[in-house]
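The values are calculated or read from the model by the stated rules, or taken from the named source; none is laboratory data. Because the structure is predicted, anything quoted here is derived from the model rather than measured. Glycine also receives a Cβ, built like all others from the backbone with ideal geometry; neighbour counts cover every protein chain displayed.
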Amino acid sequence: MKALCLEKVLTNPPAANVDIHPERAEAISRNRKRWVKKSEITYWMDSYVDAPLVSKAFAEWNKHADSLQIVQTANQEDAKIRVTFDHNDGSWSYVGTDCLQVDTTQATMNFGWPLKYDYDTALHEVGHGLAFEHEHQNPNSGIDWNVPALNRWLSRSPNFWPPATVYRQIVAKSVGDGTRHDVDSIMHYGFPGGVIFKPEIYQTRPLIPKPGLSALDKETAKLWYGKTKETEYPESVGETDGEPITIVGNRETVKWVNLDRGDYTITINGLDYIVLVVFQRVLGGYKQIAAANGRNKTVTADVSLDQRRDIAIVARLHYTKTQEPLTGSLEVTKKW
């Protein structure tokens, strides 16, 4: 029996709005964990023989999530994802931007056994780091669990999971985003026959995902983080106290701003559940210089520029039930 990986959750997650439905709150939380396109994701690793396999996994995901700038750093405190190889702690990872809530002295991902013959575990945990969650918890899976059999199976070596862990990591359904169930996803556990009632085929035969990234894993990585065609120098504004900014569904919206040297405050008003990320154009690409999550229909980020720069202000909604355009107001003000 193979040990299974854990999807880590924050012990003190950002406070949710108590006035909204719990299902809606979970959907907001899940979308908040997704990185914004073009984000720079730095990772640090302990020195260990399996480190090259983890770097290979980051590179493989990055081929499909190719707008992300995934780079290794030698400085642990500069890293957004911090990887350790503690074989006494199992394999686990925090999900997406939850990594930013973990103290920089602590790991956000761990590998609890050798990866020489288990490269899929490296791909799986890196997938969590990029905000992919467990596929067997997809609400579109149609899986009806034989919970007593599942608990018996996972209570034994090498997992020793209590029923609460089994529920959190397997049985509980996530709030779906409409994706079809992908039994071959790298984010899907394998299961022995007898722990699933439906589909009936798995009452007697095991569910074994194919190795490696599935076609839908690659497609989703490209959808979330793939490069998009853009004009070389889109229409831009300078300082503004009310430029309209419109977002459609969960798509990202980009506003370009050309600013002189100085310190600036960037604010978007009038849109709820919003994430704001700011990039500056550099030779060969983009560099992330600020990010913030909004509350109460406003989000604010401060940036400092050492010379005149083209700045990309990227906004995305964590949650919306409509595909109709929603418009807020962008303010860019200079502090000095």
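When the stretch 86-101 is filtered for residues that are in contact (Cβ under 8 Å) with a residue 40 or more places away in the chain, surrounded by fewer than 22 Cβ atoms within 10 Å (Cβ to Cβ) and touching a strand residue (DSSP E or B) at 6+ places or on another chain (Cβ under 8 Å), the ones remaining, listed by number, are Gly90, Trp92. Here Ser174 does not qualify as in contact with a His (Cβ under 7 Å, 6 or more places away or on another chain), within 30 Å of Lys218 (Cβ to Cβ), of a type outside the set (A, V, I, L, M) and surrounded by 13 or more Cβ atoms within 10 Å (Cβ to Cβ).
Filtered by the rule that a residue be surrounded by 14 or more Cβ atoms within 10 Å (Cβ to Cβ), at pLDDT 80 or above and of a type outside the set (A, V, I, L, M, F, W, C), the stretch 204-246 gives Pro209, Ser214, Asp217, Lys218, Glu219, Thr220, Lys222, Tyr225, Gly226, Glu243.
Per-residue answers, yes or no, for (1) over 19 Å from Glu7 (Cα atoms); (2) touching a helix residue (DSSP H, G or I) at 6+ places or on another chain (Cβ under 8 Å); (3) touching a residue at least 24 places away in the same chain (Cβ under 8 Å); (4) not aliphatic (A, V, I, L, M):
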residue: Asn138; (1), (2), (3), (4): no, no, yes, yes
residue: Ala172; (1), (2), (3), (4): no, yes, yes, no
residue: Thr179; (1), (2), (3), (4): yes, yes, yes, yes
residue: Asp182; (1), (2), (3), (4): no, yes, yes, yes
residue: His188; (1), (2), (3), (4): no, yes, yes, yes
residue: Pro199; (1), (2), (3), (4): yes, no, yes, yes
residue: Thr204; (1), (2), (3), (4): yes, no, no, yes
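Quick check: is even one residue across the stretch 61-79 modelled with pLDDT of 95 or more, in contact with a Ser or Thr (Cβ under 6 Å, 6 or more places away or on another chain), among the aromatic types (Phe, Trp, Tyr) and surrounded by 16 or more Cβ atoms within 10 Å (Cβ to Cβ)? Among the residues of the stretch 61-79, not one is modelled with pLDDT of 95 or more, in contact with a Ser or Thr (Cβ under 6 Å, 6 or more places away or on another chain), among the aromatic types (Phe, Trp, Tyr) and surrounded by 16 or more Cβ atoms within 10 Å (Cβ to Cβ), which makes the answer no. Does the stretch 151-167 include one or more residues that are under 15 Å from Phe132 (Cβ atoms) and either modelled with pLDDT of 95 or more or of a type outside the set (A, V, I, L, M) (or both)? No, the stretch 151-167 has no match at all. Of all the criteria given as (1) closer than 19 Å to Thr97 by Cβ; (2) surrounded by fewer than 17 Cβ atoms within 10 Å (Cβ to Cβ); (3) touching a strand residue (DSSP E or B) at 6+ places or on another chain (Cβ under 6 Å), the one not satisfied by Ser304 is (1).
Yes/no matrix, rows are residues, columns are (1) without any contact (Cβ under 8 Å) to a residue 60 or more places away in the chain; (2) in contact with a Phe, Trp or Tyr (Cβ under 6 Å, 6 or more places away or on another chain):
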| position | (1), (2) |
| --- | --- |
| Lys33 | no, no |
| Glu40 | no, no |
| Ala51 | yes, no |
| Val54 | no, no |
| Glu60 | no, no |
| Asn75 | yes, no |
| Asp78 | yes, no |
| Arg82 | yes, yes |
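State which residue is modelled with the lowest pLDDT when the search covers only the stretch 95-120 and only residues that are β-branched (Val, Ile, Thr) and touching a helix residue (DSSP H, G or I) at 6+ places or on another chain (Cβ under 9 Å). Within the stretch 95-120, the match that is modelled with the lowest pLDDT is Thr97.
Looking across the stretch 45-60 at every residue that is assigned to a helix (DSSP H, G or I) and under 9 Å from Phe85 (Cβ atoms), the one that is nearest to the chain's Cα centre (by Cα) is identified as Val54. If the condition is being in a strand (DSSP E or B) and either free of Cβ contacts under 8 Å to residues at least 60 places away in the same chain or within 13 Å of Glu243 (Cβ to Cβ) (or both), then the stretch 260-274 contributes Ile266, Thr267, Ile268, Asn269, Ile274. When Gln307, Gln323 are screened for being more than 20 Å from Asn258 (Cα to Cα), out of contact with any Pro (no Cβ under 9 Å at 6 or more places or on another chain) and not in a strand (DSSP E or B), only Gln323 passes. Please indicate, with yes or no, whether at least one residue in the stretch 113-132 is over 30 Å from Gln203 (Cα atoms) and of a type in the set (S, T, N, Q). Scanning the stretch 113-132 turns up no residue that is over 30 Å from Gln203 (Cα atoms) and of a type in the set (S, T, N, Q). Flag not set for Gly194, criterion: in contact (Cβ under 8 Å) with a residue 60 or more places away in the chain, assigned to a loop (DSSP other than H, G, I, E, B) and surrounded by fewer than 17 Cβ atoms within 10 Å (Cβ to Cβ). On the stretch given as the stretch 104-162, residues that are of a type in the set (A, V, I, L, M, F, W, C) and in a loop (DSSP other than H, G, I, E, B) total 10.
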